[in-house]
Amino acid sequence: MKKYKKTLTVIIILIVAIMMFAAFFGVYKKGENGEKIGILPNLKLGMEFGKTRVITATVNQETTKTIYDSEGNIVTPKEGEEYTEEAGYKTVETEINPENVKTIENYRKTEKIIENKLNKNGISQYFINIDESTGTIEIEIPEDDKADEIQSIIQAKGNFILLDAETFELVFDNIYFEKAEVISRQGDLEAGIFLQLSFNEEGTKRIQELNKIYIEKTEEKTNEDGKTETVDNSKTVWVVLNGSILGTTVLPNIVYNDKIILPFGISSNSKELEEAKESAEQAAILLNSGTSPVIYNYSNTTKNTNISNQDLLLFGISIGIVFFIAYIYLVIKFKAKGFIAVYFQIGFLGTLLLILRIIGITITMEGIAGIIVAMVLEYIFTYIVLRNLDKQIEGMYKKANLEFFLNTLPVYAISIIFTFATKANINSFGMSLFWGIVVIYAYNFIFTKFIFENLSRGSK
């Protein structure tokens, strides 16, 4: 029996050592060209640990020029020609953003639209700031392989319009829009992904009117040879979604129960359907986020974060010194048992980092704070166990668990609440702390419980 316990103890120590090595140094394999390829994902670090992209949205101050002839008709300018007042022409300049549009309410509305786009697309790492006097909005995001995509999302305009296919007259636009939803339909052989657009009461009436106008029509005509032939005289519309022309159609093809249904993909291939669903969801987000009443110009710059490697090193050393002193205290107070406990304390950190790597939680400075709090909790748990062990209390492990749980219950509630936050920094703290608490119980039950309980029996 003693041999079995010794063997299991060695196995536990080795497993913890392997997990520490994997967490701190990674696990690699050789690629085709002999290069090192990481098997484990790297820790996802927050935007404060690298370069960031600052996207600046400034209110467009430009004007447009419209030329009228002597009869009041709009003139399309031709290159090389002058349109002077002496020749009977009149040029009117119009601000792209009139003064009545450039209001604090509209600036705030634009900021909210940008936030909705980012949040609904699952983008949690960003800072946004608005200058309410000028309407300038700055959005800071990580400078990574997704930065261009995120900037496109910010700049994209959500709109849905219908144009007469012959005259290009606007017959339906965003003022009628209410909600966009992604729906799916399963057929016998294929499934379909669709975007369903709902409209307000006025919009529903307008769709009903247009649905009777833009329909398939055919009529019979007699040609020059005296023969009767069928001629297509259908009235169609151009369908424009989020700035992209989807094509022309008659409305009964896309109107069902006074709602417009736009197909995004019909297939039996699951990958194609998933891609179609993502595309439809992106379109729905743009539409549901709303359209800014102010027209903005966008530019971007890249900057380094305020946290330098030297700052991080100094912070790490400071925290390391605090824990080093705490670990020395364990060794002094509990001798060999304290030394074993320190080994498993470091193993706990390695195990937690390994879990955070695999799960892919973004680690911000607040996330690091969550890890530190988890380490403090693990230290408290270990101290309670060693204290009970030193007193040779019967059932010391169960009592340690209960005492630890009752004293740290508020921390669990905080970690769960913060886990559901949308902001990356708060969410990172909550997630790191939540998984830290989970690992405390799982890690100690799987690994340290056997070691500590056998230390307890060996001391009697």
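The values are calculated or read from the model by the stated rules, or taken from the named source; none is laboratory data. Quick caveat, the model's predicted, so the values are computed rather than measured. All Cβ positions, glycine included, derive from the backbone under ideal geometry; neighbour counts span all protein chains shown. Protein only, heavy atoms only, side chains kept; ligands, DNA and RNA dropped before computing areas. Shrake-Rupley method; radii C 1.70, N 1.55, O 1.52, S 1.80 Å.
For ILE150, only one of the following conditions fails: (1) touching a strand residue (DSSP E or B) at 6+ places or on another chain (Cβ under 9 Å); (2) part of a loop (DSSP other than H, G, I, E, B); (3) closer than 21 Å to THR364 by Cα. What is its number?
ILE150 satisfies all of (1) touching a strand residue (DSSP E or B) at 6+ places or on another chain (Cβ under 9 Å); (2) part of a loop (DSSP other than H, G, I, E, B); (3) closer than 21 Å to THR364 by Cα except (2).
Just to be sure I understand the filter: pairs with C-beta atoms under 7 Å, separated by 6 or more residues or on different chains, first member in region 440-455 and among the aliphatic types (A, V, I, L, M), second member surrounded by fewer than 17 Cβ atoms within 10 Å (Cβ to Cβ) and assigned to a helix (DSSP H, G or I). Which pairs pass?
Note: pairs meeting the criteria are ILE451/THR9.
Those residues that are surrounded by fewer than 18 Cβ atoms within 10 Å (Cβ to Cβ), β-branched (Val, Ile, Thr) and modelled with pLDDT of 90 or more, I need them from region 250-272; list them, please.
ILE261
Filter region 28-46 down to the residues that are surrounded by 13 or more Cβ atoms within 10 Å (Cβ to Cβ) and out of contact with any helix residue (DSSP H, G or I) (no Cβ under 8 Å at 6 or more places or on another chain) and list them by number.
LYS44, LEU45
For GLU209, are the conditions met, namely being at pLDDT 90 or above and either over 35 Å from the mean Cα position of the chain (by Cα) or among the hydrophobic types (A, V, I, L, M, F, W, C) (or both)?
Yes: the conditions hold for GLU209.
Can you name the number of the only condition in (1) touching a residue at least 12 places away in the same chain (Cβ under 8 Å); (2) open to solvent by 60 Å² or more (accessible area, probe 1.4 Å); (3) farther than 20 Å from PRO41 by Cα that ALA369 fails?
Condition not satisfied by ALA369: (2).
So, GLU219, is that one under 31 Å from the mean Cα position of the chain (by Cα) and open to solvent by 50 Å² or more (accessible area, probe 1.4 Å) or not?
No, not satisfied.
Could you say whether any residue in region 214-231 is modelled with pLDDT under 90 and among the hydrophobic types (A, V, I, L, M, F, W, C)?
yes
Tally up the residues in region 51-76 that are modelled with pLDDT of 80 or more and more than 18 Å from the chain's Cα centre (by Cα), please.
Matching residues across region 51-76 total 13.
Among the residues of region 42-88, how many are touching an Asp or Glu at 6+ places or on another chain (Cβ under 6 Å) and not in a strand (DSSP E or B)?
1
Within region 94-101, identify whether any single residue is more than 35 Å from the chain's Cα centre (by Cα) and open to solvent by 40 Å² or more (accessible area, probe 1.4 Å), and answer yes or no.
Yes; the residues of region 94-101 include at least one that is more than 35 Å from the chain's Cα centre (by Cα) and open to solvent by 40 Å² or more (accessible area, probe 1.4 Å).
So the check is Cβ under 6 Å with 6+ separation or different chains; which pairs have a first residue in region 242-268 that's among the aliphatic types (A, V, I, L, M) and a second one that's open to solvent by 80 Å² or more (accessible area, probe 1.4 Å)?
VAL250/GLU216; ILE266/GLU190
Looking at (1) open to solvent by less than 90 Å² (accessible area, probe 1.4 Å); (2) within 23 Å of the chain's Cα centre (by Cα), which is the one condition that is false for GLU275?
(1)
For region 103-135, enumerate the residues that are in contact with a Gly (Cβ under 8 Å, 6 or more places away or on another chain), closer than 22 Å to THR52 by Cβ and open to solvent by less than 20 Å² (accessible area, probe 1.4 Å).
Passing the criteria: THR110, ILE113.
For region 4-23, state whether one or more residues are under 26 Å from ASN304 (Cβ atoms) and assigned to a helix (DSSP H, G or I).
Within region 4-23 (the criterion being under 26 Å from ASN304 (Cβ atoms) and assigned to a helix (DSSP H, G or I)), the answer is no, since none of the residues qualifies.
Taking the conditions exactly as written (at pLDDT below 85, open to solvent by 10 Å² or more (accessible area, probe 1.4 Å) and within 20 Å of MET375 (Cβ to Cβ)), does ILE437 satisfy them or not?
no
Quick check on my filter: what residues within region 424-455 are touching a helix residue (DSSP H, G or I) at 6+ places or on another chain (Cβ under 7 Å) and among the hydroxyl-bearing types (Ser, Thr, Tyr)?
Of everything in region 424-455, those that are touching a helix residue (DSSP H, G or I) at 6+ places or on another chain (Cβ under 7 Å) and among the hydroxyl-bearing types (Ser, Thr, Tyr) turn out to be SER428, SER432, TYR443, THR448.
Would you mind telling me which numbered condition in (1) over 24 Å from the mean Cα position of the chain (by Cα); (2) surrounded by 12 or more Cβ atoms within 10 Å (Cβ to Cβ) PHE25 fails?
Going through the list (1) over 24 Å from the mean Cα position of the chain (by Cα); (2) surrounded by 12 or more Cβ atoms within 10 Å (Cβ to Cβ), PHE25 breaks only (2).
Any residue in region 339-362 that is open to solvent by less than 20 Å² (accessible area, probe 1.4 Å), within 12 Å of GLY436 (Cβ to Cβ) and either outside any helix (DSSP H, G or I) or of a type in the set (S, T, N, Q) (or both)?
yes
Can you work out which of the residues in region 50-72 that are of a type outside the set (D, E, K, R) and over 30 Å from TYR296 (Cα atoms) is most open to solvent (accessible area, probe 1.4 Å)?
Only one residue tops the list, namely SER70.
Among the residues of region 280-306, count how many are open to solvent by 60 Å² or more (accessible area, probe 1.4 Å) and either more than 30 Å from PHE172 (Cα to Cα) or without any contact (Cβ under 8 Å) to a residue 40 or more places away in the chain (or both).
Number satisfying all stated conditions: 7.
Within region 116-148, work out how many residues are more than 15 Å from LEU45 (Cα to Cα) and not hydrophobic (A, V, I, L, M, F, W, C).
16
Between LYS277, LYS259, which is closer than 18 Å to GLN186 by Cα and among the basic types (Lys, Arg)?
Only one candidate qualifies: LYS277.
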